[in-house]
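Presented below is the structure to which this report refers.
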Amino acid sequence: VWLANCLRRCPLPPGWTASDAGQGRLRYIEMETRATQDTSPLLDRFAELGRLMLHWRQNPGAAQDVADALASKQEKDIEEAKRARKVWQGPHMDQDTGVEFWHCPATGRSTWGDPGMASDFLARIAERLKRALPVGKGSEN
């Protein structure tokens, strides 16, 4: 449940937005193509974190391998956030609304909010899951 709640709270990647689909559901919209979907564009990445933790629960001796995999995902997400912030310029301030936005000169696209936030959020989730493992704690759960 915690991981599912994290998915719902996670900032979306650049170029994505969500709208209320009714009955507590969201519809995700890719802004360039206007394509819509019922699942978050980050679902696969959260599912992989869930699979890693399930693997540990089913195989407690795999805690170190799972910790290493989570550390690798954390490092990749941190690097992805850094890359996004190099490609996208900002923050700029929309004069009409006072809301921050970022612009990508290579694609000519703009996005509301920090384009590295989703990756930063995923990195923090991986780090928190890694801390939950019994690696280096002297006991095995």
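Can you work out which of the residues in the range 30-51 that are among the aliphatic types (A, V, I, L, M) and either part of a loop (DSSP other than H, G, I, E, B) or touching an Asp or Glu at 6+ places or on another chain (Cβ under 9 Å) (or both) is surrounded by the most Cβ atoms within 10 Å (Cβ to Cβ)? Selected residue: Leu42.
Scanning the range 10-26 for residues that are open to solvent by 80 Å² or more (accessible area, probe 1.4 Å) and without any contact (Cβ under 8 Å) to a residue 12 or more places away in the chain turns up Asp20, Gln23.
Total residues in the range 120-136 satisfying the condition of being within 18 Å of the chain's Cα centre (by Cα) and open to solvent by less than 50 Å² (accessible area, probe 1.4 Å): the figure is 7.
Every listed requirement among (1) open to solvent by 70 Å² or more (accessible area, probe 1.4 Å); (2) closer than 30 Å to Leu54 by Cα is met by Thr97 save one, (2). In the range 100-119, of all residues being free of Cβ contacts under 8 Å to residues at least 12 places away in the same chain and over 19 Å from Pro11 (Cα atoms), the one that is least open to solvent (accessible area, probe 1.4 Å) corresponds to Gly108. Looking at the range 83-90, is at least one residue in a strand (DSSP E or B) and more than 14 Å from the chain's Cα centre (by Cα)? Looking through the range 83-90, at least one residue is in a strand (DSSP E or B) and more than 14 Å from the chain's Cα centre (by Cα).
The values are calculated or read from the model by the stated rules, or taken from the named source; none is laboratory data. From a predicted model like this one, the values you see are computed outputs, not experimental measurements. In this analysis, Cβ positions are derived from the backbone assuming ideal geometry, glycine residues included, and neighbour counts consider all displayed protein chains. Side chains are part of the model used for accessible areas, which takes the heavy atoms of the whole protein and leaves out ligands, DNA and RNA. Shrake-Rupley method; radii C 1.70, N 1.55, O 1.52, S 1.80 Å.
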